[in-house]
Each structure stands twice: as structure tokens, then as C-alpha cells.
Amino acid sequence: MIVKLPRLSGIWLALLLGTAGRAAPAAAQALPPARDLDYYLAQARENSPLTHDVRNQGQAAQLETERLRAFYTKATGTLVANYTFVPILNQDNGRTRLSYSADATSNRYVGYDLALSNGALYQGYAQVTQPLFNQQRFEAYARQAQGLGLSQQNLARLSLHDLERFVGDQYILCRQDLDQLSYVRELLDILGRQRLLVQKLADASLLKRSDYLLLNIEVETQQIFLNTYRAAYHRDLLDLNVLCGLGDTAEVLLPPLRLALRQPGPLVGLSGFTERYRLDSLVLAANQRVFETRYQPLVNAFANGGLNAISLADIPRRFGVSAGLSLSVYLFDGHQRQTSRDRTQVLLETTRAYQRNFATVNPVRQQRILYELRQLEERQRLARAQVANYREVLDSYKRETIAGQLSVVFYVQVLKNYAVAARDLVLLENNRLLLVNLYNYWTW
């Protein structure tokens, strides 16, 4: 059965089988699965704690809002129990004795003043407290909690966006390793065919034995590069798995990457990054509203019922109920209100300055990346032409070497120059992809 392999199949057979000239159909069918960048990005989002953070922060903010609603608008019930004893040294009737439950008729004693302590205290009652007129206070605290939740969600989204860029860069690095393996494999194929011809000619005394040995040395050199790039790919692939939260250690196929430039949004200078500054402003404003609530009247209604006695003997007759209102209003606090307002305005101005700065410099940053891309694409065009010329020279030198018109030394030198040009072309392409990924990162 004939199996059509992708362009890098020779590389993978060398990686998986460890040989260049042995390829059985069973091995070809056992090629590892292909995983593209979209797969790794999806895995990174799914496995990252940041994704759970984004979701959970929203739920936590909603739950905190419900807690605040209960705290500021719902009645609370408490159970109160107190027992206080005030012992004294009673000196009435010329005798000094310890009294654990003094009464108000004591005249001479050492201890707390009975008029203040009542001698003892026995309390046990249930109380219900209902906040009144607290809707504005609740709304202020609820907006603060929601703003903080949105801010935390946005920070998690920013970190997740950073992770997506890191995954893209790491994927490109893995592809660079594969492309380097590709051109080294191509060189080994060229050297293998040329070495076979030179060996036959050397055996026939038509070429020197040193020419064959020189080609052998170059084959060994390229084999070293092959092993180096193979190890680099394995290492970089594992790093990619770590970034994506994958516990897989098997080698897989990574298809070539085709990244397109992301189009900017309709509002110039705005992006997902500026959401942070908007939310920071909302949080500052919410914090100020919360501070302002301390100057609103705090009114509570309460009712209780139970035991309240100062004498052990009176306990059976001291059960009762009570109800009332409590009011608390700030009158003066050293101008803290205005100071807090001024502080909030200063912090808001700082946030607006950051936002203006980002809106100014981000388009410049994007244009710089686009300029670098244009320059790099021009270098790629020249590099492709250079590689094509080297291939023509190699074909010509191969024929001349076989015909004895050219030394193998010159052929090997051109082959090395071709290897450098091919490597540079790989680096240029991967640098281009890194720039595209960086542009898309900032165009968000």
C-alpha cells in the first residue's frame, strides 16, 4: 500500500524510526496525530486556572451582593447572655466579710461602687434588629463589590490573553525546530546521493578518496545538527504542553502556521487593555460612594425579650420585653469627607493619564510592528531568491564534480553556504510569525 505523506514525513520517520533509509508502511500509518495552534489555544484556555478565575469572580461578586443585601436591609436576630458578679469586702457591723452578691444597703465596703455596678447582673434575652432606610447604603456597597469583581475578572482576562500570546510564541518556536529539521534532512538527502556517486567514482579511481571522506565528514556534521534540532523540538514541545496544562509527553505533528493580522477595532486607540482603566475608575468612584454613606443617618429598630435582673432572688419576676429605635449621625470628623473626595479625584486623574498614554502609544507600537513586518518580508523575498540560486549552483556543481571538472571542496563549501541561507530563511519566517503574533496581541 502506498501512503502519501505530508512534506515533513521524512523528518518524522527520521525522528520516530531513527533512520533515513528505512520506511515501512506500518510505520507510515503510525504517524503521530496532528495538533494545530487552535488546539493548543483551546487547551490552554480550558486547563488554565485563569479561565475558572474569570467565571468564579463573577459568581463571587453576585454572592457578595446577596450577602450585602442581607446585611444592610434584612433583620438580624441575636441571643444575648450575660452574668456579672461584683464581689466586695463588706465592713458593716464592725466585721469584714466577703460578699458575692452585695445589696444597695451596704454602707461600708471595699470594692466597686454599688451604685454603678448594681452588685450583679443576670441577662438572657433574644433581640431582633431591623436596619431602616438602608437601601442607598446597600446599593453603594453592592456597586463596590461588583466593581471589584469585574476588576478581578478583567485582570484574569488580561493574564489569559498573555497566556495565549505565550502559547503562540512557543508553537512558533516548535515550528522553527521542525523547519530546521526539514532543511537539515534535505541537506542529508543531497549529501547522501552525492556521497554515493563520489564513492563509486572513487572506487573507480576517477576521484580522490579524500573527496569521499570530505563528504562523509559533512554528513556527520549535519547528523549532529539533526540530533540537536530533534532534542530542541522535544524540549520545546514539552514546554508547550506545560503552558497548555497538558500532561502529554508524546511527540505530535505540528502543521505549518498561517497567522493573519488582526484588524483593529473601529475606535482608534481603544482595546481590551483599556478596559482595565475604565474598571479602575468605576472602583474608585464606588469606593468614594461607600465612604459617603458614613454621613447618612444610621437608623435601626430593635426589640428584645427575656431576663434582665441584678439580684438572684428577683430573677423569677424580671422577665420582660423592650423595643426602640437607635439613631447615629456624623456631625464632624475633621473634614475627612472633603479629603477623601480630593484623594479620589487625584487617583482618577492618574487612571485617566494611564489610559491616555496607552491610547497614544499603542497605535505607534502597532505601526512599528507593521513596519518591521514589511522590512522582514522584503528580506524574505531576497532570501528565497538566494536559496533558489544556491540550488541551481549545487545542481551545476554536482554535475561538474562528477565529471571531474570541480573539486569536492568547492561543492561542500557551496553546500554549507546553502545550509546557512536555508537556516536564515527559516529564522526569517519564524520571526515574521512572532511579529504577527505580537501585533495581534496588542490589537485586542
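When only residues in segment 75-93 that are in contact (Cβ under 8 Å) with a residue 40 or more places away in the chain and not hydrophobic (A, V, I, L, M, F, W, C) count, which is farthest from Ala323 (Cα to Cα)?
Initial filter on segment 75-93 (in contact (Cβ under 8 Å) with a residue 40 or more places away in the chain): 75-83.
In the following step, the residues that additionally are not hydrophobic (A, V, I, L, M, F, W, C) were identified as 76-78, 82-83.
Values: Thr76: 14, Gly77: 14, Thr78: 14, Asn82: 19, Tyr83: 22 Å.
Restricting to residues being in contact (Cβ under 8 Å) with a residue 40 or more places away in the chain and not hydrophobic (A, V, I, L, M, F, W, C), the top hit is Tyr83.
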Step by step: first the residues of segment 101-135, then only those that are in contact with a helix residue (DSSP H, G or I) (Cβ under 7 Å, 6 or more places away or on another chain) and not small (Gly, Ala, Ser), then the one that is modelled with the lowest pLDDT. Which residue is that?
Asn107
Name every residue in segment 220-260 that is part of a loop (DSSP other than H, G, I, E, B) and among the hydrophobic types (A, V, I, L, M, F, W, C), in order of residue number.
Cys244, Leu246, Ala250, Val252, Leu254, Leu257, Leu259, Ala260
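Among the residues that make up segment 270-277, is at least one of them in the same structural domain as Gln152 (by TED's automatic domain parsing), among the aliphatic types (A, V, I, L, M) and either under 17 Å from Gln144 (Cα atoms) or loosely packed, with under 15 Cβ neighbours inside 10 Å (or both)? Spell out the reasoning first.
First, pick out the residues of segment 270-277 that are in the same structural domain as Gln152 (by TED's automatic domain parsing): 270-277.
After this cut, where a residue has to be among the aliphatic types (A, V, I, L, M) as well, the list is 270.
Subsequent filtering for residues that are either under 17 Å from Gln144 (Cα atoms) or loosely packed, with under 15 Cβ neighbours inside 10 Å (or both) retains none.
No, segment 270-277 contains no residue that is in the same structural domain as Gln152 (by TED's automatic domain parsing), among the aliphatic types (A, V, I, L, M) and either under 17 Å from Gln144 (Cα atoms) or loosely packed, with under 15 Cβ neighbours inside 10 Å (or both).
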Segment 162-186 residues that are in contact (Cβ under 8 Å) with a residue 40 or more places away in the chain, paired with ones that are of a type in the set (Ser, Thr, Tyr) and not in a helix (DSSP H, G or I) (beta carbon under 7 Å, 6 or more apart)
Leu163/Ser48
Could you go through segment 202-219 and let me know if any residue there is in contact (Cβ under 8 Å) with a residue 12 or more places away in the chain, surrounded by 17 or more Cβ atoms within 10 Å (Cβ to Cβ) and part of a strand (DSSP E or B).
no
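So which residues in segment 191-200 are buried (at least 18 other Cβ atoms within 10 Å of the Cβ) and either of a type outside the set (S, T, N, Q) or over 25 Å from Gly404 (Cα atoms) (or both)? Working first, answer last.
Initially, segment 191-200 is screened for residues buried (at least 18 other Cβ atoms within 10 Å of the Cβ), giving 191, 194-195, 198.
The answer is Leu191, Arg195, Val198.
When segment 316-329 is examined, which residues are found to be among the charged types (D, E, K, R) and surrounded by 12 or more Cβ atoms within 10 Å (Cβ to Cβ)?
Arg318
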Every pair of residues 6+ apart whose Cβ atoms lie under 6 Å, when the first sits in segment 315-338 and is outside the structural domain of Leu132 (by TED's automatic domain parsing) and of a type in the set (D, E, K, R) while the second is surrounded by 10 or more Cβ atoms within 10 Å (Cβ to Cβ) and assigned to a helix (DSSP H, G or I):
none
Name every residue in segment 330-359 that is surrounded by 13 or more Cβ atoms within 10 Å (Cβ to Cβ) and not in a helix (DSSP H, G or I), in order of residue number.
none
Flag for Tyr83 being assigned by TED's automatic domain parsing to the domain that holds Gly305 and surrounded by 13 or more Cβ atoms within 10 Å (Cβ to Cβ):
no
Can you report the number of residues in segment 133-162 which are out of contact with any Leu (no Cβ under 6 Å at 6 or more places or on another chain), surrounded by fewer than 19 Cβ atoms within 10 Å (Cβ to Cβ) and of a type in the set (A, V, I, L, M)?
2
For Trp444, work out the one condition from (1) in a helix (DSSP H, G or I); (2) modelled with pLDDT under 90; (3) touching a Gly at 6+ places or on another chain (Cβ under 7 Å) it doesn't fulfil.
(1)
Hits in segment 369-410 (condition: surrounded by 14 or more Cβ atoms within 10 Å (Cβ to Cβ), basic (Lys, Arg) and farther than 22 Å from Glu186 by Cα)
Arg379
Mind checking which residues of segment 339-382 are in contact (Cβ under 8 Å) with a residue 60 or more places away in the chain and of a type in the set (Gly, Ala, Ser)?
Ala359
What number of residues within segment 149-197 satisfy the criterion of being at pLDDT below 95 and either among the aromatic types (Phe, Trp, Tyr) or not assigned by TED's automatic domain parsing to the domain that holds Ala403 (or both)?
1
Tally up the residues in segment 411-444 that are touching a residue at least 60 places away in the same chain (Cβ under 8 Å) and either exposed (fewer than 15 other Cβ atoms within 10 Å of the Cβ) or touching a Pro at 6+ places or on another chain (Cβ under 8 Å) (or both), please.
3
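The values are calculated or read from the model by the stated rules, or taken from the named source; none is laboratory data. This structure is a prediction, so every number in the text was calculated from the model and none was measured. Because the Cβ atoms are built from the backbone with ideal geometry, glycine has one as well, and the counts that use them run over all protein chains shown.
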